[in-house]
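Novice: Below are the structure tokens for one structure; questions will follow.
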């Protein structure tokens, strides 16, 4: 993950002195006008003097920048409990699956962010005692992954802190703005929804 951040930062290009334009700028998101000072724009945050190469590049970097900022407190919270965003996501998927569990490739298709090796991710959770692998009598070749009681207990412990963190992070935005933001992000990834995100 650290390497991914370094690669993302390298996309931002050379930075120069900050030029702050104090006039207010506005943009419309789904019919809602959002006003912010130029000092809060991505160019200002990055201390980038020149314009971006295109609106597409600026939008892409805004997504990367925003995700990086919002992930930081989540990662710290999960790390304190021995988890990463991916392992936490996998545990939630398995909790939702109930007693039937899921096979590895099913877990991969349900992950919010893909990982290169789902099997290795499950290996880590199994070593922590948070999941277990079982073979069904009806098909001994098929290995299903189930969450353990220890894993369930950990999720219960994290449910409220995670919920509170999400609310705190975006409390400055209205429900309408958040709904419109979700629509725009879904529109941005629409051409790629069938692409595989994980290995296995």
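Novice: Taking into account only those residues within the range 142-186 that are touching a strand residue (DSSP E or B) at 6+ places or on another chain (Cβ under 8 Å) and at pLDDT below 95, which is nearest to residue 79 (Cα to Cα)?
Specialist: If we take residues in the range 142-186 being touching a strand residue (DSSP E or B) at 6+ places or on another chain (Cβ under 8 Å) and at pLDDT below 95, then 144 is nearest to residue 79 (Cα to Cα).
Novice: A further question on this structure: Checking residue 155 against (1) exposed (fewer than 14 other Cβ atoms within 10 Å of the Cβ); (2) part of a helix (DSSP H, G or I); (3) in contact (Cβ under 8 Å) with a residue 60 or more places away in the chain: exactly one of these is not met. Which one?
Specialist: For residue 155, the failing item is (1).
Novice: Just the residues that are assigned to a strand (DSSP E or B) and closer than 18 Å to residue 83 by Cβ, please, taken from the range 131-148.
Specialist: Selection gives 131, 132, 145, 146, 147.
Novice: For the subset of the range 178-196 comprising residues that are in contact (Cβ under 8 Å) with a residue 24 or more places away in the chain and under 15 Å from residue 70 (Cβ atoms), which member is surrounded by the most Cβ atoms within 10 Å (Cβ to Cβ)?
Specialist: 181
Novice: Now for a different question. Just to be sure I understand, how many residues within the range 121-139 are out of contact with any strand residue (DSSP E or B) (no Cβ under 9 Å at 6 or more places or on another chain) and surrounded by 12 or more Cβ atoms within 10 Å (Cβ to Cβ)?
Specialist: 5
Novice: May I ask you to say which residue of 133, 144, 92 is without any contact (Cβ under 8 Å) to a residue 24 or more places away in the chain, touching a helix residue (DSSP H, G or I) at 6+ places or on another chain (Cβ under 8 Å) and at negative phi?
Specialist: From the options 133, 144, 92, the qualifying one is 133.
The values are calculated or read from the model by the stated rules, or taken from the named source; none is laboratory data. These figures come from a predicted structure and were not determined experimentally. All Cβ positions, glycine included, derive from the backbone under ideal geometry; neighbour counts span all protein chains shown.
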